[in-house]
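**Student:** Here you go, one structure.
Every number here is computed from the coordinates shown, using simple stated rules; none is lab data. Fair warning: this is a prediction, and the values are worked out from it, not measured in the lab. Here Cβ is always computed from backbone atoms with ideal geometry, including for glycine, and neighbour counts include all displayed protein chains.
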Amino acid sequence: MFVCAGNNETFPFATPIGVGLIESAMNLTRMVLFDKPDFLIFVGSAGSYGKYKIFDIVESSIGSNIELGFLQNKAYSPIDNVIDAYHDKEVSRETLDIVNSSNYIATDFSLVQSYRKHHIELENMEFFSVLKISQEFSIPVLGVFVITNYCNENAHKDFLENHHKAKTILMQYIADKYKEIKE
């Protein structure tokens, strides 16, 4: 089952689940309860903390929900804030970058460099909740992302400028990788 965020980030082959951590968790839970898939593939856009360039495609099954305050030792969380859903034990965890999720988009490029020290290289608002739901229902999961912007002061402007082309690139990537998908 292919899922995506929604609003202006929809794809003809994916079911929208909502924007942000809360909407996506609620709607994906509802979907899974009624029709549990054998595998979940979340597709969407992401911001880069610096490693990836605009329009790069990144796959991952590791996500975090870490706010900058946590990395600055100004906040803590009593809950697990990293989920590694990768099921292929042949692949080292170090080969996959972590996707951070928050209901906020990072805009200070110098601050987000602290994420990179922990192999967190990109952000997408929904992925952590997708991972959490897949973990709860024992569903293998993968995220496929296209980079639309760097997480800096121009993040929103660049996202808007690059989003249409990025979606086209991601749709072509999915069509090439998963031949059974028809637009």
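**Student:** If you consider only alpha-carbon coordinates, what radius of gyration and Dmax does the chain have, in Å?
**Tutor:** For the chain, the Cα radius of gyration and maximum Cα-Cα distance read 15.5, 48 Å.
**Student:** Continuing with this model, one more query. Shape of segment 113-183 from its Cα gyration tensor (a ≥ b ≥ c, root eigenvalues): rounded if a/c is under 1.5, otherwise prolate when a/b > b/c, or oblate?
**Tutor:** It is oblate, given that a/c is not under 1.5 and a/b is not larger than b/c.
**Student:** Okay, moving on. Give me the number: length gained by fully extending Arg30 to Gln172, i.e. 0.36 nm times residue separation minus the C-alpha to C-alpha distance, one decimal in nm.
**Tutor:** Taking Arg30 through Gln172 to full extension adds about 48.2 nm, to one decimal.
**Student:** Another question, if that's okay. Can you put Thr168, Thr29, Thr148 in order of Cβ neighbours within 10 angstrom, beginning with the fewest?
**Tutor:** The fewest-first ordering by Cβ neighbours comes to Thr168, Thr29, Thr148.
**Student:** Step through the table entries Lys74/Lys157; Lys51/Lys117; Lys53/Lys165; Lys117/Lys177, compare each Cα-Cα distance with 19 Å, and write down the pairs that go over it. Before the final figure, lay out each step's value.
**Tutor:** Numbers: Lys74/Lys157 29 Å; Lys51/Lys117 12 Å; Lys53/Lys165 14 Å; Lys117/Lys177 31 Å.
Among Lys74/Lys157; Lys51/Lys117; Lys53/Lys165; Lys117/Lys177, the Cα-Cα distance tops 19 Å for Lys74/Lys157; Lys117/Lys177.
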